[in-house]
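This report concerns only the one structure given below.
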Amino acid sequence: MSNFTFLAQRNAYALFAPACLEAENIYATSPALCAVGCRKALELAVKWVYAADTSMQMPYRDNLQSLLHEPSFRFAVDYQTWGKLPYIVKLGNLAVHTQRSVSKSDALASLQALFEFIQWLDYCYGADYEERTFDPALIPAEKQAMDEAKLRQQESLLDEKEAEIQALRQQVAQLSAQYTAQKEQHKQQRTFTPDDLTEFETRKKFIDVDLKEMGWQFDGPEADVQEEYPVENMAGVVGQPGFVDYVLFGKDGLPLAVIEAKRTSRDPNDGRTQAVKYADYLERKFGRRPMMFTTNGFETYFWDDATGPQRPVSGIFSREDLQKLMNRRTQRLKLETVAIDDKITDRYYQKEAIRAVCQQLEQGFRKHLLVMATGTGKTRTASSLTDVLSRGNYVTNILFLADRTALVKQAKDDFKNYLPHMSLCNLCSNKDDRQARIVFSTYPAMLNAIDEARTRDGRRLFTPAHFDLIIIDESHRSIFKKYRAIFQYFDAILVGLTATPKTDVDRNTYDFFEMEHRVPTYAYDYETAVYQDHVLVPYYNYEVKTKFLEEGIVYDDLSQEDQERYEEDFDEDGDVPDFIPSAALNEFVFNEITVDTVLQDLMERGIHVAGGDRLGKTIIFAQNKRHAEFIVQRFNQLYPQYHGTFAQRVVCDDSYAQTVIDDFKIPDKAPHIAVSVDMMDTGIDVPQCVNLVFFKKVRSKAKFWQMIGRGTRLCKGLTCTDQIDGEYTDKRRFLIFDYCGNFEYFRQHKEGYEARETKSLSENIFGKQIRLIMALQGSDFTGEDFQAWRETLVTTCHGQVVALKDELISVKLHCQYVDKYRNRDVFSCLSDEAKGELEREIAPLVYNPDTDELAKRFDNFMYGLMLAQLEQLPSLRHAQRQLRDTAALLERKATIPQVKDKLPLLKEVQTDTFWEAGDLLLLERVRQELRGLMQFLDQDSKGKGPVVTRLTDPVTECQEGMELEAAYDFQDYRAKVNRYINEHGDTMAIYKLTHNIPLSSGDYQELEHVLTCELGSREDYQREFGDTPFGLLVRKIAKLDHQAAMDAFSTFINDQSLNQKQIAFVHKVIRHVELNGYMEHVSELTRPPFDKPISFLKLFDAKTRMALVKAIDEVKENAVDVIA
């Protein structure tokens, strides 16, 4: 006799009864398998209810999550009973992954909740219902021999086939009218008493499951969690007791953290003061201060007040991660004492970038942005920073993110060279150890790994605090929108690397890193790299305009011969267009002569190598795949002597694209021309690349300068030949051939044009449906037809929210909003706040399972048209014309039966009467009836091939060597001051300071104006240099002239009475003053390098010491004092 034995004789419950019995029977053997069984039994029982009760509406998706949250089901089940069901699901999911994390008490709670739901089901639909109470003593104590590994792998205790389940559901459905009719009668005649479980207790259970998912143990010999831990002397009252919700202990038995849990309706930080008091008590008791978490189940905050301020996190940390953070309290070194390895980074600006991050890190900042020109060694700098932070005991595990697999591979290869002692993993290849210290990944691969990667014992591998440092390569693309969840999930130091930060409203790199606009952590610009430090080479540009690429093809402007060819190539059913716009060129119209002109110009004027016999490595940026293929075909036609390998395309959906890139990187191996479509615009490092061809229009400033960056790298030993210098060794420049007016565009539009972040179809449609739902709740739409339509939209949107999988980290991070909008009542009258939350927080998460992409695109268009009409948007007229044109195109396909059926509607759409009516319901009818016809229009576009022609395309304009002005002004005040002082050494004030000549008042005023007016403000100076006098700052940057330093100490140099050791000491002083501009304080004479081999005090007598100190002071005073 067990709790579920009564089900055995109920044939009506054959769908779920065996699962309930087996879940209870396995409890003594394995609590984890019991939890899995409870979840499966619940799923079958819920499906039984849907089959039996005609009042239940099937949700958007037929999965357990959707079934539970469908309003007709959720609000039919007793409120308290329903509140326990998500716990069964969550514990079952946890048990699938890790057996150890499920205790007997967990499984017992799941069994109790399942029993209560079955009781409710029997109460509503059963023939012989009686009120029963769950009795733990009735659970069978006998253990069963089972293949647990196999069962856990199946995620089920049952071996039922889906077909058998469906057959049982159909049997139930045949009696659904009877079950539904009897339900209300049963509820009036019977009683059902759910177990009372407060909201706080329910939420606590979820916190328990989250802790267990992180590997925390609540019971057994390895228990490391204590609940309701007693403390004393609370609120400053001696002897007053209190209880900590949770204390998390380390292996050493000392507390690692306290958790203060609040109700979901309260701010989690209401418990912050309480958590501090608990930490105070535990610190007094154990001699070590624990860290603190405050949570309400939706939001969680972490605070280690020994090392920094409180911050939001995605969840409670694992024991290993908390122990790691605890150890760092004592293991961290002063980062200024950790030397930068010259073998990794030996350039001054790379070291400055590393020190800038280190300084901000020690000040408590956790987000950092390095803006460095392409080719100046961002990856090398990042690897050196990793090395410094690792040796300084600031980081253990590092994540390097890039947005393409090729860049991930390249970064890993570079790090392997720079940090050979560290373990590395390319997550995209799935060949390496995922527990390596440095993981390299694309954004989608990491987002999936967060959800799916597990340790050997089934726990989540990538926990919220697993990574200590995340390096974001090219931090201007994928950090926004859906992949932002990665940074919300991981609690890590962020370091962004980019050459081209974005400043758009919706994609602002500085905002993401919480920085003042145009003031990154460190900036090193292209101009400094090229013209001052010569670590990059400059470009020399050829700008060529052809008539077709600039103006399009005008039939009347063609020669008679070309007109004949034009008519032959462009004739379509006797209709020859008068004009082909320039945008069509290289999109679907390909002119052989235009492409030949570009290729021949490149082969003639491009930089050559191999003694001038071979074109140097070249990237041609093509518009699309067809364009790239056409370029390669024309090259092979023009230059057959290269046997078809010299030029090759690089397109993302080519299976061999990475191989082509790898071959291109090898100096003497083909291909020597890579025709790229978005694959080599960014990130690919090929120092031998000497020619770039812009054969497409680029309007994004960030992308344009990224593309230019493909040619900027130095290449020592490369022998080049060009039309400027003839033959020379060591790459001096690279050439840019621009045939699409890109340079001219950026001269006129310095900031370019950035397209807004694209949304998925699902997100777009959901957002527009929400806007319509809100519009239809107005007084103009109270009619039954409008409200029926609104109800349909609500059902669709609500169904998509319900269908979201809670176990996905992207959903979990938004659980506060997901839970809120799973309540259908919220949609009854949306507020502006609700509309904003649905569009902002929910829309990016939802998925529309409709597989007809063209139909969904039409939905998106039609919803946009409806909103344009409702809101009287300027786009309305264009949208109306577009729908008319679509209807006209479909009308030409009347032989297709599906189209023929809709001819009356297609004709109606093209009438003025249709549009004058302004009927939204009619537009909705059009959407519903025409969406399935879009497939027939797509067949046209698929069948229509490119037009290849051969028309004379004259060159209309050529110019060369006209560079663009500096693209980025980072407003790095310190850098601007440094550059100004170094570049203006001949100005009177700076000259006097570097030559130890006191400033006049006029000199001082000029210097003050430059530093506090021209280069920035007085506040900028104060922020960067504090109270440092202007003169000393100039000295520190520009140094002291060698002869001026010698003159300042000439008395000592010429003093015949000084011995060799004393003269050597004076020369040390001169070198110090020359390199540093002055000596800060004479006490430095007692420290290295002046203290050996003989100290200053022992080497000189008192009189000589005083004279030397006076000379040192005078050098400093000459930089500070102003003469009248």
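Restricting to region 312-340, and then to whatever is within 15 Å of Asn393 (Cβ to Cβ) and of a type in the set (A, V, I, L, M), can you tell me which residue is surrounded by the fewest Cβ atoms within 10 Å (Cβ to Cβ)?
If we take residues in region 312-340 being within 15 Å of Asn393 (Cβ to Cβ) and of a type in the set (A, V, I, L, M), then Ala339 is surrounded by the fewest Cβ atoms within 10 Å (Cβ to Cβ).
As an exercise: evaluate Arg884 against (1) assigned to a helix (DSSP H, G or I); (2) within 30 Å of Val802 (Cα to Cα) and give the number of the one condition it does not meet.
With respect to (1) assigned to a helix (DSSP H, G or I); (2) within 30 Å of Val802 (Cα to Cα), Arg884 is out only on (2).
Hey, among Gly644, Gly717, which residue is closer than 29 Å to Tyr531 by Cα and either in a strand (DSSP E or B) or not β-branched (Val, Ile, Thr) (or both)?
Result of the check over Gly644, Gly717: Gly717.
Of Gly616, Gly606, Gly644, Gly611, which residue is surrounded by fewer than 16 Cβ atoms within 10 Å (Cβ to Cβ), among the small types (Gly, Ala, Ser), in the same structural domain as Ile708 (by TED's automatic domain parsing) and within 25 Å of Leu714 (Cα to Cα)?
Exactly one of Gly616, Gly606, Gly644, Gly611 is surrounded by fewer than 16 Cβ atoms within 10 Å (Cβ to Cβ), among the small types (Gly, Ala, Ser), in the same structural domain as Ile708 (by TED's automatic domain parsing) and within 25 Å of Leu714 (Cα to Cα), namely Gly611.
So, in region 887-915, how many residues would count as being surrounded by 14 or more Cβ atoms within 10 Å (Cβ to Cβ) and of a type in the set (Gly, Ala, Ser)?
1
List the strands (runs of 3 or more DSSP E) that sit entirely inside region 317-432 and contain at least 2 residues that are in contact with a helix residue (DSSP H, G or I) (Cβ under 6 Å, 6 or more places away or on another chain), of a type outside the set (D, E, K, R) and more than 30 Å from Arg459 (Cβ to Cβ).
Fully inside region 317-432 and qualifying: 367-372.
If you go through region 318-365 one residue at a time, how many are under 27 Å from the mean Cα position of the chain (by Cα), of a type in the set (A, V, I, L, M) and not assigned by TED's automatic domain parsing to the domain that holds Phe490?
2
Scan region 746-753 and give yes if some residue there is free of Cβ contacts under 8 Å to residues at least 60 places away in the same chain and surrounded by 17 or more Cβ atoms within 10 Å (Cβ to Cβ), otherwise no.
Among the residues of region 746-753, at least one is free of Cβ contacts under 8 Å to residues at least 60 places away in the same chain and surrounded by 17 or more Cβ atoms within 10 Å (Cβ to Cβ), which makes the answer yes.
Tell me which residues, restricted to region 527-573, are among the acidic types (Asp, Glu), outside any helix (DSSP H, G or I) and crowded, with 16+ Cβ neighbours inside 10 Å.
The answer is Glu543, and nothing else.
Name every residue in region 433-476 that is outside any loop (DSSP other than H, G, I, E, B) and of a type in the set (Lys, Arg), in order of residue number.
Those that are outside any loop (DSSP other than H, G, I, E, B) and of a type in the set (Lys, Arg): Arg454, Arg460.
Of the residues Tyr821, Tyr817, Tyr847, which is touching a helix residue (DSSP H, G or I) at 6+ places or on another chain (Cβ under 7 Å) and either without any contact (Cβ under 8 Å) to a residue 24 or more places away in the chain or assigned by TED's automatic domain parsing to the domain that holds Met446 (or both)?
Numbers: Tyr817 fails: either without any contact (Cβ under 8 Å) to a residue 24 or more places away in the chain or assigned by TED's automatic domain parsing to the domain that holds Met446 (or both); Tyr847 fails: either without any contact (Cβ under 8 Å) to a residue 24 or more places away in the chain or assigned by TED's automatic domain parsing to the domain that holds Met446 (or both).
Criteria check complete, one pass: Tyr821.
Return the only residue of Val89, Val36, Val77, Val96 being within 21 Å of Val818 (Cα to Cα) and in a helix (DSSP H, G or I).
Matching residue, one of Val89, Val36, Val77, Val96: Val89.
For region 211-249, enumerate the residues that are at pLDDT below 85 and within 25 Å of Gly92 (Cβ to Cβ).
Result: Glu213, Asp219, Gly220.
Assess whether Ala657 counts as being small (Gly, Ala, Ser), crowded, with 18+ Cβ neighbours inside 10 Å, more than 27 Å from Glu960 (Cβ to Cβ) and under 38 Å from the mean Cα position of the chain (by Cα).
yes
Between residues in region 760-779 that are closer than 17 Å to Ala803 by Cβ and residues that are among the aromatic types (Phe, Trp, Tyr) and crowded, with 20+ Cβ neighbours inside 10 Å, which pairs lie under 7 Å by C-beta distance while being six or more apart or on different chains?
Correct list of pairs: Ile765/Tyr863; Gln769/Tyr863.
From the list Val794, Val826, Val818, which one is over 21 Å from Arg484 (Cβ atoms), buried (at least 20 other Cβ atoms within 10 Å of the Cβ) and β-branched (Val, Ile, Thr)?
From the options Val794, Val826, Val818, the qualifying one is Val794.
Based on this model, can you work out whether Asp403 counts as closer than 30 Å to Cys715 by Cα and either touching a residue at least 60 places away in the same chain (Cβ under 8 Å) or among the basic types (Lys, Arg) (or both)?
yes
If the requirement is being within 30 Å of Val102 (Cα to Cα), at pLDDT below 95 and surrounded by fewer than 18 Cβ atoms within 10 Å (Cβ to Cβ), which of these qualifies: Arg460, Arg454?
Values: Arg460 fails: surrounded by fewer than 18 Cβ atoms within 10 Å (Cβ to Cβ).
Of Arg460, Arg454, the one residue that is within 30 Å of Val102 (Cα to Cα), at pLDDT below 95 and surrounded by fewer than 18 Cβ atoms within 10 Å (Cβ to Cβ) is Arg454.
The values are calculated or read from the model by the stated rules, or taken from the named source; none is laboratory data. Predicted model only: the values in this text are computed from it and were never measured. Using ideal geometry, Cβ is built from the backbone for each residue, glycine included, and neighbour counts are taken over all protein chains shown.
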